[in-house]
Every structure is written in structure tokens, then in C-alpha cells.
Amino acid sequence: MTLADPVSKSDAQTPPPQAEGEGSRFSVPRTPWGGQVRPLIQIETALLVAMFAIGATGYFRVSARMDGLNTRIDGLSARMDGLSARMDARLDRLDAKIDASTKELRDLILSQGR
């Protein structure tokens, strides 16, 4: 039979013959056209595996982005620490200047009163 030969109706309706011992409880049921009938649990399992694979891929992408963001946040935190230290040093110098100016002004006021 070639591909061009017409298929008779009886050939299309009959399932393929089962091999010896294929009727055991481990055999896969067949559709009228010869395909395998997959139990619902197999389909659900395949869907769960696919969903897990997609979810895991998404998780690793999000995890990588979070790692990158954490690195950037750490860098910004280090910069903020540096700026805070510089600001503290400037404020200390300013406090010292204010204290010196206050003392000088007090001395000037006291010297004017004599």
C-alpha cells in the first residue's frame, strides 16, 4: 500500500492488533485510530512539570534581578555612609568655628564693659 492508495473504511475503524501479552494491566489503551489514550494523571503531571519549569525559570530570573538590585543598594548604602561621614566632619568643623566665634564675641563683650 502506498500513500496514494485510498484507505478502506474497515481499515480506518479497526484498531491495530495487540501483540502477545499486551493485554496486561500495564498496557496503554488505544484510540480507534491507533493513538495512545493518555490517562488524565499523565496529562496533569506533564502540565505540572511544565508549570514548574516555567516557574523555576521565572524564579531564577527574578532572583538574578534581585541580586543585581541588592548589589546596587549595597553600593548606594556605601556612598551614603561616605557622605554621612563627610557631613559629620563638616558639622564638627562648623561647631568648632561657632564655639570659637561665640567665645571671641563673649570676650569682646566682656572687654567692652570694663
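The values are calculated or read from the model by the stated rules, or taken from the named source; none is laboratory data. What you see is a predicted model, and the numbers here were worked out from it, not measured in a lab. Methodologically, a virtual Cβ is constructed for each residue, glycine included, from the backbone with ideal geometry; neighbour enumeration extends over all protein chains shown.
Considering Ala50, Ala12, the condition of being at pLDDT below 70 and in a helix (DSSP H, G or I) is satisfied by Ala12 alone.
Of the set (1) in contact with a Pro (Cβ under 6 Å, 6 or more places away or on another chain); (2) modelled with pLDDT of 85 or more, all apply to Arg30 but (2).
Determine whether Leu110 is out of contact with any strand residue (DSSP E or B) (no Cβ under 9 Å at 6 or more places or on another chain), part of a helix (DSSP H, G or I), free of Cβ contacts under 8 Å to residues at least 12 places away in the same chain and surrounded by 10 or more Cβ atoms within 10 Å (Cβ to Cβ). No.
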